[in-house]
Amino acid sequence: MTELTDHELKAINLIIARLAPLKRDQMLADLAAAEIEVLLADRSMLRFHLPGHVPSSPGQTPLGQVGGQGDELLDVVLFEDSDGRLFEVERVPPGF
């Protein structure tokens, strides 16, 4: 497990800030409690593990996307799981 970098945290918070108030509050609470797993060595895919939570079914839904910032040429997409809980963040080519 790892910690989020400042850049990752900033991008995630930009997406969360755009959500409806109840969803935003849930995602902020999940983010505060989550353990972060690096799925790819380049950190382009990170998975959030929430204590005591196991998704009830497979699948994920994008919550939002922000464009690359500064020297970052990839967009960041944040996903929720099938239960509406924080699940994964990915860096993807722009316009994905």
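The values are calculated or read from the model by the stated rules, or taken from the named source; none is laboratory data. These numbers were taken from a predicted model, which means no experiment stands behind them. Note that each Cβ is placed from the backbone with ideal geometry, even for glycine, and that neighbours are counted across all protein chains shown. Keep in mind that these areas ignore ligands, DNA and RNA; they rest on the heavy atoms of the full protein, side chains included. Shrake-Rupley method; radii C 1.70, N 1.55, O 1.52, S 1.80 Å.
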* Within segment 41-51, can you find the residues that are part of a loop (DSSP other than H, G, I, E, B), open to solvent by 60 Å² or more (accessible area, probe 1.4 Å) and not hydrophobic (A, V, I, L, M, F, W, C)? -> Asp42, Pro51
* Considering only residues of segment 61-74 that are at pLDDT 90 or above and surrounded by fewer than 16 Cβ atoms within 10 Å (Cβ to Cβ), which is nearest to Lys10 (Cα to Cα)? -> Pro62
* Somewhere in segment 15-26, is a residue of a type outside the set (A, V, I, L, M) and assigned to a loop (DSSP other than H, G, I, E, B)? -> yes
* Asked: Pairs, please: C-beta under 8 Å, at least 6 apart or cross-chain, first residue among the acidic types (Asp, Glu) and at pLDDT 95 or above and in segment 34-55, second surrounded by 13 or more Cβ atoms within 10 Å (Cβ to Cβ) and part of a strand (DSSP E or B)?
  -> Glu35/Phe48; Glu35/His49; Glu37/Leu46; Glu37/Arg47; Glu37/Phe48; Glu37/His49
* Structure fact -> The condition of being open to solvent by less than 70 Å² (accessible area, probe 1.4 Å) and β-branched (Val, Ile, Thr) holds, among Val54, Val38, only for Val38
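Condition check ((1) of a type in the set (Lys, Arg); (2) touching a strand residue (DSSP E or B) at 6+ places or on another chain (Cβ under 6 Å); (3) buried (at least 17 other Cβ atoms within 10 Å of the Cβ)) across all residues:
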residue	(1), (2), (3)
Ala11	no, yes, yes
Ala32	no, no, no
Val76	no, yes, yes
Arg91	yes, yes, yes
